[in-house]
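These notes concern the structure reproduced below.
The values are calculated or read from the model by the stated rules, or taken from the named source; none is laboratory data. Keep in mind that this is a model prediction, so the values were computed, not measured. Please note: Cβ atoms are built from the backbone with ideal geometry, for glycine as well, and neighbour counts cover all protein chains shown.
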Amino acid sequence: MRVPVVHQRARRRRARRARLLWNAAEILVTLGVVLLLLVAHQLWWTNRQAREGAERQVQALEQEWGEGEEEGGERGSGGGAPSGRSEDTSTADDSDPAHTRPGSGDDSRRTPGSAATPARQPRWDQAYAILTIPRLDLRVPVAEGISKPNVLNKGYAGHYPDTAQPGRPGNFALAGHRNTHGEPFRYINRLREGDRIEVETRSAVYTYVVDRSLSQTLPGDGGVIRPVPRSTVHRQYGYTDPGYYLTLTTCTPEYTSRYRLVVWGQLRSMRPR
């Protein structure tokens, strides 16, 4: 009796195809699990790590400033902030016409920044201030520079180099993540005209008030962080006169970095710590 060789070969081919399909399915499932773990890491773990680290840094700054007051009283009234902390350094000349108080009124004693002594420039990546936005229940450190690994990925707000320091004439410009790594600026699109933003340093608390925003502009729109901030892409957005400005920038839409979202405010008051 002849053996049906053709049928055996067909069965072997079907078996090989089944094994290939099974192996491919296993690979796809493994890749899916890996991708889910990566997403969980980005959306949950990095947020948890960054937020916890940022909270500890805020507490460390508050403790440091509190110890300084206990040891030496008003540290800001001396010859500059110790330990290299900086809050009022500015490259602007005091004779600049921008050295006037924004808003109405003529009480020169209330000129923003006039009661604080300029200090040394903060060290690169150094946390030296605290940003508080009551509407968003946000309180995060501000560090010098916008390095991702050393500043932004820690959940901090990063100070753009060469922009003004808190309370000084010009534009105190900050960047922060909107998604992952603490995402401190995730909801700055919810800020509205009149919302208060505080920047606390070793010697003073500066209160800015939101008055303008730009929902979307190109990443290369450097005009939004100039001393007199004004978009070079959407020229109807921004300011025309020197003043004391605060700029918050982040990526938009969410989970992309295609465009930038911008919120602006102006300094309204300063009080010593």
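Here are the numbers for this structure:
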| item | result |
| --- | --- |
| Verdict on residue 266 being more than 22 Å from residue 127 (Cβ to Cβ), assigned to a strand (DSSP E or B) and of a type outside the set (Lys, Arg) | yes |
| Output for region 222-238, where each listed residue is closer than 21 Å to residue 198 by Cα and either surrounded by fewer than 20 Cβ atoms within 10 Å (Cβ to Cβ) or among the β-branched types (Val, Ile, Thr) (or both) | 224, 225, 226, 228 |
| Pair list, Cβ under 6 Å, 6 or more apart: region 185-197 residue touching a residue at least 12 places away in the same chain (Cβ under 8 Å), other residue small (Gly, Ala, Ser) and not in a loop (DSSP other than H, G, I, E, B) | 197/265 |
| Residue that is farthest from residue 138 (Cα to Cα), among those in region 209-254 that are touching a Lys or Arg at 6+ places or on another chain (Cβ under 8 Å) and part of a loop (DSSP other than H, G, I, E, B) | 240 |
| Hits in region 221-236 - residues which are more than 16 Å from residue 162 (Cα to Cα) and touching a helix residue (DSSP H, G or I) at 6+ places or on another chain (Cβ under 8 Å) | 230, 231, 232, 233 |
| Subset tally (residues that are assigned to a strand (DSSP E or B) and β-branched (Val, Ile, Thr)) for region 181-201 | 2 |
| Residue 111 surrounded by fewer than 19 Cβ atoms within 10 Å (Cβ to Cβ), touching a helix residue (DSSP H, G or I) at 6+ places or on another chain (Cβ under 7 Å) and either of a type in the set (Lys, Arg) or modelled with pLDDT under 95 (or both) | no |
| Members of region 126-180 found to be assigned to a loop (DSSP other than H, G, I, E, B), crowded, with 22+ Cβ neighbours inside 10 Å and in contact with a Leu (Cβ under 8 Å, 6 or more places away or on another chain), listed by number | 167, 176, 177, 178 |
